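*Asks:* Shown below is the structure under consideration.
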Number of protein chains: 2
Amino acid sequence: MGTKTKSAEILCIGTELLMGDIVNTNAAYIARRLAELGINLYHQSVVGDNPGRLRDSLEIAFSRADIVITTGGLGPTYDDLSKETVAAFFGRKLVLHAESLEWLESYFTRLGRPMTENNRKQAMMPEDCTVFPNPNGTAPGCAIEQDGRIAILLPGPPREMQPMMDHAVIPFLQRFQEYRLVSHNLHFFGIGESTLEEKLRALMTSSINPTVAPYAKTGEVMLRVTARVQDPAEADAIMAPALAEIDKAAGEFLYGVDVGDLQTALCRALKEKGLHVALAESCTGGMTAARLTGVPGASQVFECGICCYSNAMKEQLAGVRPGTLAQYGAVSEETARELAAGARRAGGAQIGVGITGNAGPEPSEGKPVGLVYVAVDSGWYQETITLNIARRDDDARAYIRTLASSNALNLALRACRAYPG
Amino acid sequence: MGTKTKSAEILCIGTELLMGDIVNTNAAYIARRLAELGINLYHQSVVGDNPGRLRDSLEIAFSRADIVITTGGLGPTYDDLSKETVAAFFGRKLVLHAESLEWLESYFTRLGRPMTENNRKQAMMPEDCTVFPNPNGTAPGCAIEQDGRIAILLPGPPREMQPMMDHAVIPFLQRFQEYRLVSHNLHFFGIGESTLEEKLRALMTSSINPTVAPYAKTGEVMLRVTARVQDPAEADAIMAPALAEIDKAAGEFLYGVDVGDLQTALCRALKEKGLHVALAESCTGGMTAARLTGVPGASQVFECGICCYSNAMKEQLAGVRPGTLAQYGAVSEETARELAAGARRAGGAQIGVGITGNAGPEPSEGKPVGLVYVAVDSGWYQETITLNIARRDDDARAYIRTLASSNALNLALRACRAYPG
């Protein structure tokens, strides 16, 4: 195959997708990666675990595209037939792949579980294919190249598929591309996607190299700045003007570059200054502590989180004064401040954070659903913010809690940056 | 059209889906509704805002199915061409739909915004179609019936699409259905998907009505048992033999039916008995508390969670004895037991849970990554389990923590069920 721009299709295989039991995040993930590689994608499809229909879908997909990427159907069970069907489509047999079998055996040994006969089937791979190891599961992926066509088979679980896509498939596909893409992810908090887009519309719509694309998630926006280069060393110079323009327009909301998320940014900032943070959470109920301790090495910056769901526990564990609760209520600015101070004291930390609010589903103590107070206290820096979150659908509770906890992490980050030294 | 079971396809239209900018939740939502109606769905597709490719996709979809449901492309802008393309596919014109125009005019009046000329385009509907009003936006949906084919066009935004699906499309489609599907979800913990499948292979592969299908997630398996009935009252009798067989084979691992997840099952069980649980978490760092408080109404069964990440906090907040930490280490059965007892005491709860372990990335105190102790203590019921989790990839930390916290919820559920009264 030459280096002309290829087109691809995504074909997700799984009856659970057809039944609507799971949302197809794989298609979006792969689509974004293909877009970054500059590979055109005009169709995505979903088909069940049915060899006949899968075969027909492959036929249709290859009539329109050079590359077909499948997900799913690589498991150990009788209805996992993707490898068998795709191999047959190309007239190939499945043969035992020794390295994959070894990996499977060692995987089950480490798990201390016997390897069943049907797991062995996962080491059977199409003849003459490129095998993609799966460090996160038992199903290796693979690529078959034949007659100008490329079929890429990936496992269905996102936590297996995503690393395989990033670490094996992208390098594999880059061989066919003339250019390399180099990206930086700019992470913003406290500014909405449409506001950011309005500030940067000219750049986002007119800049070709680098491209600037926004991605929104709960309460956050990420801008991905991507340069198309022949030599990665050129990337910095190509990106510099766009980065300067973005910084000028929205730098005050930028909390980190290539940093992943708020909790990772906070851990890094605390570590750099040798500080600790402590938490007292009510409505978020441990979510902020869980996000922070999800970061490897969090123990260097975090000793204690208190999840005080009842008023008694706010007094007993976080030292909130009974008078404060009686006068202002549990959902109040005053309580948030005392939670922050109490967390700081209890945890012997430089920075304390308090979160209290009503995540729903019902109003409580006359405070509406969606009202949240978040306070930070470092001695040097104190701030309390009020959130009024209007969302009222089935996901409102999770949304309110996530937004509250993100605001808490962001306040802690500000307090850390304002801390002397 | 007769009442024979129809088959459908979903065709989602939108370049933002192809680029991976948004995840296709519409396909899953519609798929689930169709499954509940007993309408077969064998394919889902995504295509961009491109009339030629959309026409080709319609051709393919109608070669395989009686009903094609599209989402997206009903907006006011120049690239929204779904109605035009589908109407042309059936050889129909677009005509002004007076009621839709009225609705649009009143919609903009209420908003206090002028209605632009391109919004008027949203009141142009295919001749002789069934119009589905959109109370949540400006784009009505519609259905075209012709030559035994049905095309259903729905708006793209989920908050407009979902109510239209529920309130207009489902009643429209029910006219064509003879059967209904009734499902129960059986939730298992502590047994792997392949082990469960080996125990139930005969049932899973041979049973036609009901069907039995497995779905795995971290540390859990769900079996969905689905009966096809004319009258929902028949479902229980049809399912009974399969349910009995499943219970006999794996009942000891079944933690709930139609209960969603471990935390919801635990909240319900605690509420039924009027009990409270309290948590002291080390390696899970608040994750168990966050899962529990994610359940609406958790405040009735949960007052306090302690996230004691350092040894000092294990002593100070959860009352672990310094001698225990010195002699056995923080990651030990003894510490887990004292954490459970300490949580119970601090929270004034009937059931206390303690979790301590090493979630990685490095060994600590000579304890390997993946070694976790979970203890439960209700006075009546005490149990401590040891986990050795072998996983060592990028997601190992999240996996170890999730599995530890799931085991904690499961132990608390057991303690709750063993509690007198």
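*Asks:* Might you check whether a residue that is under 18 Å from the mean Cα position of the chain (by Cα) and crowded, with 22+ Cβ neighbours inside 10 Å occurs anywhere in region B:273-290?
*Replies:* yes
*Asks:* Also: Within region A:24-46, which residues are out of contact with any strand residue (DSSP E or B) (no Cβ under 6 Å at 6 or more places or on another chain) and outside any helix (DSSP H, G or I)? Before the answer, list the steps.
*Replies:* Looking only at region A:24-46, we keep the residues that are out of contact with any strand residue (DSSP E or B) (no Cβ under 6 Å at 6 or more places or on another chain), and these are A:25, A:28-29, A:32-33, A:35, A:37-38, A:42.
Within region A:24-46, A:38, A:42 qualify.
*Asks:* Ok, one more. Within region B:15-51, can you find the residues that are more than 10 Å from chain A (Cβ to nearest Cβ) and touching a helix residue (DSSP H, G or I) at 6+ places or on another chain (Cβ under 9 Å)?
*Replies:* If the condition is that a residue be more than 10 Å from chain A (Cβ to nearest Cβ) and touching a helix residue (DSSP H, G or I) at 6+ places or on another chain (Cβ under 9 Å), then B:37, B:39, B:49, B:51 are the ones that fit.
*Asks:* Additional query: What residue, of A:199, A:217, is touching a helix residue (DSSP H, G or I) at 6+ places or on another chain (Cβ under 7 Å), charged (D, E, K, R) and more than 30 Å from residue A:133 (Cα to Cα)?
*Replies:* Working: A:217 fails: touching a helix residue (DSSP H, G or I) at 6+ places or on another chain (Cβ under 7 Å).
Being touching a helix residue (DSSP H, G or I) at 6+ places or on another chain (Cβ under 7 Å), charged (D, E, K, R) and more than 30 Å from residue A:133 (Cα to Cα) holds for just one of A:199, A:217, which is A:199.
*Asks:* Scan region B:47-57 and tell me whether some residue there is of a type in the set (Val, Ile, Thr), in contact with a strand residue (DSSP E or B) (Cβ under 9 Å, 6 or more places away or on another chain), part of a strand (DSSP E or B) and within 21 Å of residue B:228 (Cβ to Cβ).
*Replies:* No; the residues of region B:47-57 include none that is of a type in the set (Val, Ile, Thr), in contact with a strand residue (DSSP E or B) (Cβ under 9 Å, 6 or more places away or on another chain), part of a strand (DSSP E or B) and within 21 Å of residue B:228 (Cβ to Cβ).
*Asks:* List the strands (runs of 3 or more DSSP E) that sit entirely inside region B:76-172 and contain at least 2 residues that are of a type outside the set (S, T, N, Q) and over 23 Å from residue B:53 (Cα atoms).
*Replies:* B:94-96, B:130-132
*Asks:* If you don't mind, there's one more thing I want to ask. Out of all the residues in region A:203-237, which are over 29 Å from residue A:389 (Cα atoms), of a type in the set (Asp, Glu) and either exposed (fewer than 14 other Cβ atoms within 10 Å of the Cβ) or touching a residue at least 60 places away in the same chain (Cβ under 8 Å) (or both)?
*Replies:* Result: A:231, A:236.
*Asks:* I want to confirm something. Restricting to region A:30-40 and keeping residues that are modelled with pLDDT under 95 and not β-branched (Val, Ile, Thr), which single residue is surrounded by the most Cβ atoms within 10 Å (Cβ to Cβ)?
*Replies:* Per the stated criteria, the residue is A:34.
*Asks:* Give the residues of region B:291-317 that are free of Cβ contacts under 8 Å to residues at least 24 places away in the same chain and within 19 Å of the chain's Cα centre (by Cα), sorted by residue number.
*Replies:* Those that are free of Cβ contacts under 8 Å to residues at least 24 places away in the same chain and within 19 Å of the chain's Cα centre (by Cα): B:293, B:296.
*Asks:* Tell me, please, whether a residue that is of a type in the set (Lys, Arg) and under 30 Å from residue A:164 (Cβ atoms) can be found in region B:398-411. Full working, then the answer.
*Replies:* We begin by selecting, within region B:398-411, every residue of a type in the set (Lys, Arg); these are B:401.
Subset that is under 30 Å from residue A:164 (Cβ atoms): B:401.
Yes: region B:398-411 contains one or more residues that are of a type in the set (Lys, Arg) and under 30 Å from residue A:164 (Cβ atoms).
*Asks:* For residue A:12, which of the numbered conditions (1) touching a residue at least 24 places away in the same chain (Cβ under 8 Å); (2) surrounded by fewer than 22 Cβ atoms within 10 Å (Cβ to Cβ); (3) not in a helix (DSSP H, G or I) fails to hold?
*Replies:* Status for residue A:12: all satisfied but (2).
*Asks:* Of all residues in region B:364-404 being within 12 Å of chain A (Cβ to nearest Cβ) and among the β-branched types (Val, Ile, Thr), which is surrounded by the fewest Cβ atoms within 10 Å (Cβ to Cβ)?
*Replies:* B:386
*Asks:* Here's something else I'd like to know. Within 21 Å of residue B:219 (Cα to Cα), more than 11 Å from chain B (Cβ to nearest Cβ) and in contact with a helix residue (DSSP H, G or I) (Cβ under 6 Å, 6 or more places away or on another chain): which single residue out of A:94, A:58, A:104, A:81 fits that description?
*Replies:* Going through A:94, A:58, A:104, A:81 in turn, just one is within 21 Å of residue B:219 (Cα to Cα), more than 11 Å from chain B (Cβ to nearest Cβ) and in contact with a helix residue (DSSP H, G or I) (Cβ under 6 Å, 6 or more places away or on another chain): A:104.
*Asks:* Follow-up question, since we're still on this one. Name the single residue that is farthest from residue A:154 (Cα to Cα) among those in region A:61-94 being in contact with a Ser or Thr (Cβ under 9 Å, 6 or more places away or on another chain) and surrounded by fewer than 23 Cβ atoms within 10 Å (Cβ to Cβ).
*Replies:* A:64
*Asks:* Where residues in region B:333-343 are within 17 Å of residue B:365 (Cα to Cα) and surrounded by 21 or more Cβ atoms within 10 Å (Cβ to Cβ), which of them is farthest from the other protein chains (Cβ to nearest Cβ)?
*Replies:* The extreme case among them is B:336.
*Asks:* Still on this model: Working only within region A:138-168, note down all residues that are within 18 Å of the chain's Cα centre (by Cα) and free of Cβ contacts under 8 Å to residues at least 12 places away in the same chain.
*Replies:* A:167
*Asks:* Here's a follow-up. Check residue B:326 against each of (1) under 30 Å from residue B:271 (Cβ atoms); (2) free of Cβ contacts under 8 Å to residues at least 40 places away in the same chain; (3) away from chain A (no Cβ under 14 Å) and name the one condition it does not meet.
*Replies:* Here residue B:326 meets the rest and fails (1).
The values are calculated or read from the model by the stated rules, or taken from the named source; none is laboratory data. Quick caveat, the model's predicted, so the values are computed rather than measured. Glycine also receives a Cβ, built like all others from the backbone with ideal geometry; neighbour counts cover every protein chain displayed.
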